[in-house]
1. State whether the residues of segment A:65-82 include one that is farther than 26 Å from residue A:234 by Cβ and surrounded by 11 or more Cβ atoms within 10 Å (Cβ to Cβ).
2. In segment A:44-64, is there at least one residue being crowded, with 17+ Cβ neighbours inside 10 Å and farther than 13 Å from residue A:262 by Cβ?
3. What single numbered condition from (1) within 14 Å of chain B (Cβ to nearest Cβ); (2) surrounded by 22 or more Cβ atoms within 10 Å (Cβ to Cβ); (3) in contact (Cβ under 8 Å) with a residue 12 or more places away in the chain fails to hold for residue A:152?
4. Tell me the residue from A:108, A:118, A:134 that is away from chain B (no Cβ under 14 Å), farther than 19 Å from residue A:219 by Cβ and more than 21 Å from the chain's Cα centre (by Cα), please.
5. Would you confirm whether any residue within segment B:101-114 is of a type in the set (Phe, Trp, Tyr), assigned to a helix (DSSP H, G or I) and buried (at least 17 other Cβ atoms within 10 Å of the Cβ)?
6. Go through (1) within 11 Å of chain A (Cβ to nearest Cβ); (2) in contact (Cβ under 8 Å) with a residue 60 or more places away in the chain; (3) surrounded by fewer than 20 Cβ atoms within 10 Å (Cβ to Cβ); (4) not hydrophobic (A, V, I, L, M, F, W, C) and name the single condition residue B:59 misses.
7. Going by the conditions given, is residue A:200 more than 8 Å from chain B (Cβ to nearest Cβ), touching a residue at least 12 places away in the same chain (Cβ under 8 Å) and either of a type outside the set (S, T, N, Q) or buried (at least 17 other Cβ atoms within 10 Å of the Cβ) (or both)?
Amino acid sequence: MLATDKNVKYTTHKRVRMIKDNIFLFLVGSLTLITIIPLFHIIISIVVKGLPIIIKNGTTFVFGTLSEGGIGPAIAGTLMLTFLATLIGLPLAFLAGAYSYEYPNSFIGRTTKMLLQIMLEFPTILVGTFIMGILVIPMGSFSALAGAIALALILTPYVSVYTEEAMAEIPRIYKEGGYALGCTRAQVIFKVITKMAKKGILTGILIGMAKVSGETAPLLFTAGGLYEVYPTNPLQPVGAIPLLIYTLVQSPSIEDHQIAWGAALVMLIIFLALFIPIRYALKDEIKL
Amino acid sequence: MESIKMETNNLNLWYGDKQALYDINLPVYKNKITALIGPSGCGKSTFLRCLNRLNDLITTVKIDGNVMLDGRNIYDEDVDVYDLRKRVGMVFQKPNPFAMSIYDNITFGPKIHGIKNKTELDKIVKWALKKAALWDEVKDELNKNALSLSGGQQQRLCIARTIAVKPEVILMDEPTSALDPISTLKIEDLMAELAKDYTIVVVTHNMQQASRISDYTGFFLMGKLIEFDKTEKIFLEPAHKETEDYISGRFG
């Protein structure tokens, strides 16, 4: 008799638990949906509004100048700026990351790590004004170089932090394995740890590049803008897609707005082209 | 007569304030297998890591006493620690091949130490893999990622990687504790084979293993070397009560 009573209680309890569980799952699911709706809205509206102008102007849109109805120089500018920023930022960022990995307890190591975390969240417009002060004003002109250095400052913490974290994830026994073969400290870091952490480091580089390819604020006071001819000299002003969008949406002309939507779609494609390999790289990561 | 390859004199070690090794005096005989046994935390692995100065990596470690290799103290200031670790190689508890090809794993050490010639590297790879009894299993897939090998194969690869730099002494820190019985047997056979050319010091939790493969055995307990002797002597007529208790399975 007693045992049956207990069983009854048990099933009721179980049912309550299942209901709670379902409510919880429903809540989590719907909240997740709410957070990703804006993302889909952005993507869909960019495609819907950007695609017609690209189809209308055809290859001219991708290769032509602004007066021809194209954003060719801006695309070239963005590629040039991203490339230069990576070229400038990558070596420094990698070394800073490796340093904070190898000397986590030293004063410089700890400070470096803290400053990198701050740099990650640093207002990008301040980076732009800083570079304007130290480079644009003395040189007397906007330039691709100034823009690239501003972007490099934004790329650096991403690469450094990812480098440091990817290295820290490599189990200690691999480091010891390197030392046990007679490696020096530098050889262990650059030949053992870097090789094993390369996917994580690469992820940081791609995320940094994706981030800077879409930046506007740091370019406002540094790059200048160039949309009627292709950029050739890094010491001359250069255009960029986000900068062009920023300029075009302030114009009253509908044609300008259409081109801005088309440019947004091109920028989205460049961003995704940098981002999809990241997902891909992370997927076939070998478990250690 | 058996000659001494390595030897510790009154070796003491501290992790911060905590002493982990007390006055260890232990000889390592040339071309013999010396087994270090004892319960967990008795200091045998710590001791092993003194022999190639791997404890240097831990900043809190303080060491006092001598570790002689061919009559020279390896803790002398003018000793090149990187060259020392080339002479005294190490195989770890968990196989730790680098995430690169089998070929690159073997050539890693020789390249670090300045061998660049491709023919010579090829020769080393073949020699080391044969010596580690792995050649027949991997000769057709030297470019395969080493992490795709089985645990036992990975451990033999680590042994091959270690002997590729032509060490004189090989330290093994529980080399079979992560492996299945068949792989363990293969590694044990390999150790017997390697002892013809190398001096081996092996830390093991497995007393049958110590009695099967070693020539000498040292028994550690709470940071002290309780007894060191020929393996038969330790296992058949130990001089100390603690040793007898441990090997007969009364504790540990």
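1. Step one: of segment A:65-82, the residues farther than 26 Å from residue A:234 by Cβ are A:69.
From what's left, surrounded by 11 or more Cβ atoms within 10 Å (Cβ to Cβ): A:69.
Yes - at least one qualifying residue is present in segment A:65-82.
2. Within segment A:44-64, none of the residues are crowded, with 17+ Cβ neighbours inside 10 Å and farther than 13 Å from residue A:262 by Cβ.
3. (1)
4. Checking each option against the conditions leaves just A:108.
5. Among the residues of segment B:101-114, at least one is of a type in the set (Phe, Trp, Tyr), assigned to a helix (DSSP H, G or I) and buried (at least 17 other Cβ atoms within 10 Å of the Cβ), which makes the answer yes.
6. (2)
7. Judged against the criteria, residue A:200 is a match.
Residue-by-condition table, conditions (1) within 14 Å of chain A (Cβ to nearest Cβ); (2) over 18 Å from the mean Cα position of the chain (by Cα); (3) surrounded by 21 or more Cβ atoms within 10 Å (Cβ to Cβ); (4) free of Cβ contacts under 8 Å to residues at least 40 places away in the same chain:
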site: B:156; (1), (2), (3), (4): no, no, yes, yes
site: B:189; (1), (2), (3), (4): no, no, no, no
site: B:200; (1), (2), (3), (4): no, no, yes, no
site: B:212; (1), (2), (3), (4): no, no, no, yes
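The values are calculated or read from the model by the stated rules, or taken from the named source; none is laboratory data. Only a predicted model underlies this, so the values are computations on that prediction, with no experimental measurement involved. Glycine also receives a Cβ, built like all others from the backbone with ideal geometry; neighbour counts cover every protein chain displayed.
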